[in-house]
Amino acid sequence: MSRLDDRVAIVTGASRGVGATIARTLVAAGAKVVLADILVEEGEKVSAEIGEAATFAALDVTSEEDWSRVVSETLAEHGQIDVLVNNAAILHLGTLENTPPEIFRRVLEVNAVGPYLGTRAVLASMKAQNSGSIVHVASIDGLVGMNGVSAYATSKFGLRGLAKSSSLELGRSGIRVNAVCPAGGNTDMYGPWFEKLAAITDQTQAYNENRGIPGTVAYEAIANAVLYLASDASAGVTGIDLPVDGGATAGKFILGFNSM
Ligand SMILES: NC(=O)c1ccc[n+]([C@@H]2O[C@H](COP(=O)([O-])OP(=O)(O)OC[C@H]3O[C@@H](n4cnc5c(N)ncnc54)[C@H](O)[C@@H]3O)[C@@H](O)[C@H]2O)c1
């Protein structure tokens with residue numbers, strides 16, 4: 001059973017969407033959770049809704065200073081950090097030609113450098129207690145390529161590399177590192193492209209339907225996968241990519257072939 005009683009977790013990007021659901025799920029499993037995000041008002045509201053086991057900390061994942069402050073404050077308050085969920089990320093939808101270098105770099109900075117900084121920031125305390133679980137929220141776009149998401153896919157493939165390499169470095173210190181690879185999440189992430197996406201709804205629907213379990217995956221399913229990897233239920237599991245994608249990356253799907 002996935003329980004986190006007496007455990008302390010930091011969840012980044014927890015002010016909304018999948019991250020907020022991960023924070024709720026970890027608290028429901030017994031953890032104390034620090035919700036960390038750049039969206040302060042939203043994060044404080046979610047934290048207050050969750051209750052006493054949750055607190056909010058302003059954090060820009062690309063800032064070493066912010067990480068240092070949030071980790072120090074968490075240790076001062078709770079004395080330990082058992083779980084780090086690197087969930088914060090940004091998306092850029094655009095072909096290579098429509099992805100200027102500064103945007104490509106920014107996507108890597110938030111989605112890959114951010115989790116690297118977070119991992120480094122919690123290492124000393126996790127090593128001192130000889131235990132810890134770090135879960136990166138990657139994406140199916142980190143498992144297979146897709147046109148129009150080069151910057152995002154590069155960041156998410158990179159994040160899986162970070163998980164695998166660091167899992168090998170840290171296993172002997174009692175620290176496990178894994179990645180969850182969801183299909184779908186908060187549509188707020190697509191905000192800047194809503195209009196363009198609305199014009200190709202039939203194509204995006206077909207993309208979501210042509211998989212083993214059609215449709216997008218519920219936030220709770222993603223959060224439960226994170227909980228599993230965060231908890232002792234997954235003891236012995238390290239360096240893996242756990243797709244939570246309704247089979248989207250299992251292979252190619254042709255609906256008519258199911259009735260042959
Ligand atoms: N939305 C999707 O369709 C989808 C699909 C697959 C994977 N994912 C992944 O799921 C995770 C959660 O995304 P979501 O769907 O909830 O989207 P979201 O945009 O609602 O959530 C991302 C959160 O990260 C925060 N954030 C962004 N930059 C930050 C920074 N520099 N420092 C701290 N916080 C920052 C945002 O404020 C936001 O609260 C992400 O890792 C995303 O890549 C999402």
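The values are calculated or read from the model by the stated rules, or taken from the named source; none is laboratory data. These numbers come from a predicted model, not from an experiment. A quick note on method: Cβ atoms are made from the backbone with ideal geometry, for glycine too, and the neighbour counts reach across all protein chains shown. For the accessible areas, the whole protein counts, side chains as well, though only heavy atoms, and no ligand, DNA or RNA atoms are used. Shrake-Rupley method; radii C 1.70, N 1.55, O 1.52, S 1.80 Å.
Meeting the requirement of 1 or more residues that are touching a Cys at 6+ places or on another chain (Cβ under 7 Å), no helices (runs of 4 or more DSSP H) wholly within the range 155-260 can be named.
Inspection of the range 199-220 finds a residue satisfying the criterion of being under 30 Å from GLY174 (Cα atoms) and either within 24 Å of the chain's Cα centre (by Cα) or of a type in the set (Val, Ile, Thr) (or both). Here ASP60 fulfils each of the conditions (1) assigned to a loop (DSSP other than H, G, I, E, B); (2) free of Cβ contacts under 8 Å to residues at least 60 places away in the same chain; (3) more than 8 Å from the ligand (Cβ to nearest atom) apart from (3).
Of the residues screened, SER131 is one that is out of contact with any Cys (no Cβ under 6 Å at 6 or more places or on another chain) and either closer than 21 Å to GLY236 by Cβ or modelled with pLDDT under 95 (or both). Of the residues making up the range 11-40, those that are open to solvent by 10 Å² or more (accessible area, probe 1.4 Å), outside any strand (DSSP E or B) and away from the ligand (no atom under 11 Å from the Cβ) number 5. Only one residue in SER133, SER155 is away from the ligand (no atom under 16 Å from the Cβ) and polar (S, T, N, Q). Which one? The conditions single out SER133. Only one entry of ALA121, ALA112 meets the criterion of being within 14 Å of the ligand (Cβ to nearest atom), under 15 Å from SER68 (Cβ atoms) and out of contact with any strand residue (DSSP E or B) (no Cβ under 6 Å at 6 or more places or on another chain), and that entry is ALA121. Sort out which residues of the range 117-147 are of a type in the set (Gly, Ala, Ser) and under 20 Å from HIS78 (Cβ atoms), and write them in order of number. GLY118, ALA121, ALA124, SER125, ALA128, SER131, GLY132, SER133, listed by residue number.
The residue list ASP141, ASP82 contains one member that is within 19 Å of the chain's Cα centre (by Cα), charged (D, E, K, R) and under 30 Å from LYS252 (Cα atoms), which is ASP141. Considering only residues in the range 218-260 that are β-branched (Val, Ile, Thr) and touching a helix residue (DSSP H, G or I) at 6+ places or on another chain (Cβ under 6 Å), the one that is nearest to PRO182 (Cα to Cα) turns out to be VAL244. Kindly evaluate ILE50 against the criterion of being within 21 Å of ALA138 (Cβ to Cβ) and either β-branched (Val, Ile, Thr) or in contact with a Phe, Trp or Tyr (Cβ under 6 Å, 6 or more places away or on another chain) (or both). So ILE50 does not fit the description; no. Residues considered: VAL85, VAL70, VAL8. Of these, the only one that is more than 12 Å from the ligand (Cβ to nearest atom) and either closer than 24 Å to VAL180 by Cα or open to solvent by less than 20 Å² (accessible area, probe 1.4 Å) (or both) is VAL8. Taking the range 209-232 as the range and being open to solvent by less than 40 Å² (accessible area, probe 1.4 Å) and within 30 Å of VAL27 (Cβ to Cβ) as the test, the residues that pass are GLY215, VAL217, ILE222, ALA223, ALA225, VAL226, LEU227, LEU229, ALA230, SER231. Within the range 135-164, if we keep just the residues that are of a type in the set (A, V, I, L, M) and open to solvent by 30 Å² or more (accessible area, probe 1.4 Å), the residue that is nearest to ASN111 (Cα to Cα) turns out to be LEU162. LYS45 meets the conditions (1) open to solvent by 10 Å² or more (accessible area, probe 1.4 Å); (2) more than 8 Å from the ligand (Cβ to nearest atom); (3) closer than 26 Å to CYS181 by Cα in every case but one. The failed one is (3).
Going through (1) over 19 Å from the mean Cα position of the chain (by Cα); (2) in contact (Cβ under 8 Å) with a residue 40 or more places away in the chain; (3) farther than 20 Å from VAL135 by Cβ one by one, HIS92 falls short only on (1).
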